[in-house]
Structure formats: C-alpha cells, structure tokens
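Accompanying notes for the structure given below.
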Amino acid sequence: MFALIVLLVISTPVSGQFWLQNDVIFNPSGIPSLPFSQPRFADLDADGDFDMILGSIDQPPKYFENTGSATSPAFQPGADIFAAVSSLDAEMGVCVDLDDDGDLDFVTGGYLGLQYFENIGSATTPEFQKVDDFFSGLNVGSIPVPTLSDMDNDADYDLLVGLSEDGSLKYYPNTGASFEAEFLEVNAAVWYDVGLYAYPVLVDLDLDDDVDLLTGRDGTGFYYYRNTGTPEAWQWQSANALFSNLATETYWNSPDLVDLTGDGKLDLVYGTASGPLNYYRNTGTAAAPAWTVNTSLFGGVLDAGGASSPVFFDFDDDGDLDLISGSQMGDMKYYKNTGDNTAPAWTPNHSRFASIDHSIYSAIAIGDVNADGLPDAIAGDLTGALYLHLNIGATFALQTDYFTDTNVGGFSVPRLVDMDDDRDLDLVLGNEDGNLFYYENVGSQTDPDWQEVANFFGGIDVGSNCVPTLGDYDGDGDLDLITGDLFRELQYFEHDGENWIENTSIVGDLTVGQNASPALADLDGDGDMDLTVGNYDGTFNYFMNETITSLTPDPGAATPNEFSLEPAYPNPFNPTTSVHFTILKAGAVDITVFDIQGKHIRSLIHQEFAAGHHQIQWHARDDKNRPVGTGIYFIRVNSEKFSQTLKVSLLK
C-alpha cells in the first residue's frame, strides 16, 4: 500500500537553514561503527545490567548506557564519563575495582601505553581521574590491550596485556593487595604470540570456576585457550574449534564475553577493523557453546569499510533512491532501498557493482549517459583518472576509449549533472588539491563528448580532497554546490546564474568526519534537499533539511493578481495529472518535469500564453515518449516574473 503524498509548493528559505541530524536512517541500532572498534562491558551505573565501553582508533572510548535490562539490553549514548580521558591514553579500556573501594575504575591502553584512571565518584555516578605513572615501569609498548582477572585466586586483580607490534600476551601478577595493586616488570611472563595486535579477554567461559582466555588479533578469527587446570595452577589447552566459524571475513577482531541475556551463559560481542559490532548469543551450554547471530542489537549500520563517498540514484527504477558509495579499498558499495521514498531502508547488494574496482579511495557517479534507459557509472580513484562503465544489463562494461587523456591530478571524484540544462549529462569533478573542474557534454544524450570548460567554478579551492555535490538547494531553478574536504569541513556555494557565491551560514556549523563526502538528495520525500555525508570511517551521517519557508509572498515575486498555481490533480496519479495556472498578463511560460535527482525528464510546454486560466497535462512520459517509472517528480512552472514547483507522485 502506498502512503498518500501531499503536493507541495516549494518556496525559498527566508530565515536561515536548519539541519536535524538523524543518523538512524543509516544506523537503526544507534551504535556507531568506529574504526578498529573494541567493545567491553561493565555495570558502570550499578543498576544490575551491563553497560558498554566502545573503544576505537581515533578518539577516547565512548560510554553507552544499557537502558534495557539484564535480560533484554538496549544501548543508548550515556553521560560523558570519559571526559578526562585523552585519546592518546586510551584507544580502549576495561573497568574493574582495582582499589577495592566498591566502585569501578578504568584501565586503558593507548598510544602512550597503559594508564590507570581512579573512580573518584561513586558506583552509580563514576568520575575518572588519571593516576600518573601507575604503570610506568612496565614494558608494554604502544597501544597495549589490557584485561584483568584474579588469576591466582588471591582476591586481587592480575593483569594480562596484549602487545601490539609482536602480538604477545604478557602476564603480570598483582604483587600488591586488593586495595593497592602493584605490577612489576621483573615478574612478567610471556604466554603466547598470536601474531600482531593481540586483543585478550580473561573470563570463565565454561563456568568451571577458573579463568579461560580468548584473544583476537590483526588477522581473522580467534584463539581460545581453555584452562583445564585449577585457578592457581593453569593448564592451557587450545580449543579454537569453539570459535572456528566466527570472524572469518573480518580483521582486527577484538572480543568480549558477557552475559547480555541473563541466562547464566556468556555471549560474544566483538569489534572489527571496519567498525561494525558483531553479536552472537550462546544458545548452547557453557561447556559447549553454540553461537547464534543477533543482528538487531548492534546491527543494521551502513559501513563502506572506509572512505565512504555516497551518491543517490534510483538504480532499480522502483521510484525511490538507492545508495551507491565508493570506498577506501576501491570497490563500490550498493545499498538497495527496500523502503520507499519517504522512509528508506537499505539492503546491501554489493555484487551488482563487483565489476567496478579500481585504485583505492574510489568515488562514483551514476546516470544514463547514452540514453539507453540503463544507469551507467563513471568511477574516479586516488590516481586522479576517470573510468566509464556502461550498464549492459547484469553487469558493467569498461569503455577504454573514454577519458584516455583525462586526469585531475589525484583523488578524482566525479558527479553527473545536467549543468547547462541541455538534456544531456555533464561532469563535475573534485580533486586532491581541493579544486573543481567542469566538463560540458558537447556531444549528445546518446553519444557523450565531455570537454573541459576552464574556470567554470571561478577558482573555488577548498584545500584538499574536494568532494562536490550539486542540487537546487534554494529552489531558484538552478544547481547549487556543497563541497566536503579532508579536514572535516563543508562549504556551500549558491549559483546566481553566473557566479558561485559562498554562504557560510548554510552548512558551516555541521559536525562531520574526516574526508567529508556530501550528497544532496530528498530522502524523506518532503520536497527539499537533505544532506548525507560520508567520511573516512566509512559510515554515513544524515541531516534532514528543516528549512523554514515563507507562507507569504516574496516581495520580489509575482503578486496573486499576476499569477496563481493550483495543486496538480490528481495527485498521486496514474497515468495523467494536470497543472492549472492563471496569469493576468500575456507572456511566455515554460513548464518542465524533473525527477527526484533534478534530472530533466520532459519539456511539457514553452510558448506564449494569453491572460487567463490554463491547463497542461503530463502523461508520465519523457521527451522520447517513453513511460517513466513510479516515483516522485517535480513540475516547474517558469516565466520572467515567477517560478514555482509542484511535487507530484506517480503510482503504478
């Protein structure tokens, strides 16, 4: 069943732009995908359930409060309890009561080694204060990964550290006391070497009252060692088979074992190099675990694996916008919209673009460049070159005779738009130096020939790694420009017909990631351009366009006695809708249809009209008289004195 789409008359912003960030559209769980993620669990608010600490490579750990229960968890961003923790001190951390005072302290590993943060707050409201030089005598190198447990059954916490560069597991017994821990390098013992970047966790997985050892590493999979001895005299037995089918396609897997369902058995949560968290419930027994994937608690996050560079296009011709993204590794990610044009939902189908894979830091543009009814692709990458891939049905075919002499000097980011409104697709390119290039299609709709137009963007330079997106943001009938760059910045340039004028108030205050990659598209079906931004992490941020619009006539626009535009009828429609307008004075009127991406669909009329009431019909066909697909379309009515746009919905 289709929801009724209300027709809108789009007006111009009058008092500034408001963006509402709502990343749930790309991340239903609300848990971010952070690079080299390391989840750890502890009851940080003493309410009887497990909260989460999420470490990563480029920022201090984040705290997520369990707002569900001990048997049915739900995680939401909590208070900034790690505000005193530097990213240099902590890529990850674990919580234990190291000073035996009834609250949880924080032990971290980061670039500067191991650190200890004492909880000077309480068990319910922690506040962490760094204790300088607590681990200063230990030789653990940079970026160690700590885990603590009572390994010798003497009622205090001992320390096991995963080392980064050599992958060893290094054990330090606590030679102090439960209330005053002491770890000495002279007492250290190296247990195992799992490769590089060991990620250990000490837990009693089989519930036999001694501690077992699970560790991740920079490769795939896990190493598991079961203690078949006693709490005081360990005997480690390799039992990797218990985890043999897990993490086989992800790297740098950092695990924790925690009972998230209150059934007395430990479940598995692990982070990865690319970021998304993986959650497996133990549906077997403590001694013989059976791992059952759960994709709802942390799942659903869209992550291109690094350097996401999104564009939106109705690739499957079902009336809503799909998402295609470049990536750090050079392959293209395709997310089919299995929702609709007002509430998208994404289903990965990356194999559809498997034939397009060039150098690293890829970007893509989608459009029908040869007017055969199939969307084609132009790819860019770190080399600065361009590659045309024609859609031949089930796959794409690289056209080696195009772009043979085109190179923008590195980090090429192409975008296809009809810049000059001549009904064929032109090219806009960003590059590594922060520049913009315009290549006009001087060929035709069926046989493109892109030629550079020098200085089209007036020397705009955004610094480094320029990523452009174009759309009619201000509703004036031409394309405006938003750019992203390497340094987490967005810039907006309004096109006044001849010049590109920067307006820092539009997107200047938005917080985005490194290698910001913007894409304008109406994802909520309300008739204005929303903003999606990719980033170096590989994820996507979504900013809903909350433009305040005028309900009174613009003083510079036509007055009601000069022009009036009525709602199209019927709307939604199939197969015909009518546009009704009235003009008091004779003059030329141009009526044009565009799709949701601003692509020209059909010129309905361009002629002189006498004063009076007029009706024009659109039969849902393009300029070649081919039926168009289900979706949202815009009918623009222009003259010298007015320009207004109607939004209509074609339902088949």
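Data table
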| item | result |
| --- | --- |
| Rounded Å value of the spacing that divides the Cα centres of region 124-190 and region 580-652 | 71 Å |
| Proximal charge balance of residue 453 [Cβ under 10 Å; K/R count +1, D/E count -1] | -4 |
| log10 of Debye I(q)/I(0), alpha-carbon scatterers only, for the chain at 0.05, 0.09 Å⁻¹ | -0.30, -0.81 |
| Extension gain (nm, one decimal) between residue 86 and residue 461, 0.36 nm per residue minus Cα-Cα | 131.6 nm |
| Per-residue HN-Hα couplings for region 359-371 [Karplus 6.51, -1.76, 1.60; θ = phi - 60°; Hz; x = Gly/Pro] | 6, 6, 6, 7, 9, 9, 10, 10, x, 7, 7, 10, 6 |
| Under 19 Å between alpha carbons - lysine pairs in the chain that sit 8 or more apart or on different chains | 4 |
| Charge context of residue 373, other residues only, Cβ under 12 angstrom, K/R +1, D/E -1 | -3 |
| Accessible surface of residue 424 - all protein chains present, 1.4 Å probe, nearest 10 Å² | 10 Å² |
| Peptide ranges 374-381, 623-630 listed from the most packed, as the mean C-beta count within 10 angstrom indicates | 374-381, 623-630 |
| Where the chain is the region considered: accessible area per residue in Å², 1.4 Å probe | 41 Å² |
| By average C-beta atoms within 10 angstrom, highest first, the peptides 63-76, 236-249 | 63-76, 236-249 |
| Under 5 Å, built H, 5+ apart or other chain: amide partners of residue 260 | 267 |
| Portion, in percent, of the accessible area of the chain that falls on carbon or sulfur, probe 1.4 Å | 50 percent |
| Protection proxy ranking, peptides 397-404, 261-268, 27-34, average beta carbon neighbours within 10 Å, highest first | 27-34, 261-268, 397-404 |
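The values are calculated or read from the model by the stated rules, or taken from the named source; none is laboratory data. Since we're looking at a predicted model, the values are computed, not measured. No Cβ is skipped: glycine too gets one built from the backbone with ideal geometry, and neighbour counts run over all protein chains shown. The protein model used for the area step is the full one, side chains on, heavy atoms only, and it has no ligands, DNA or RNA in it. Shrake-Rupley method; radii C 1.70, N 1.55, O 1.52, S 1.80 Å.
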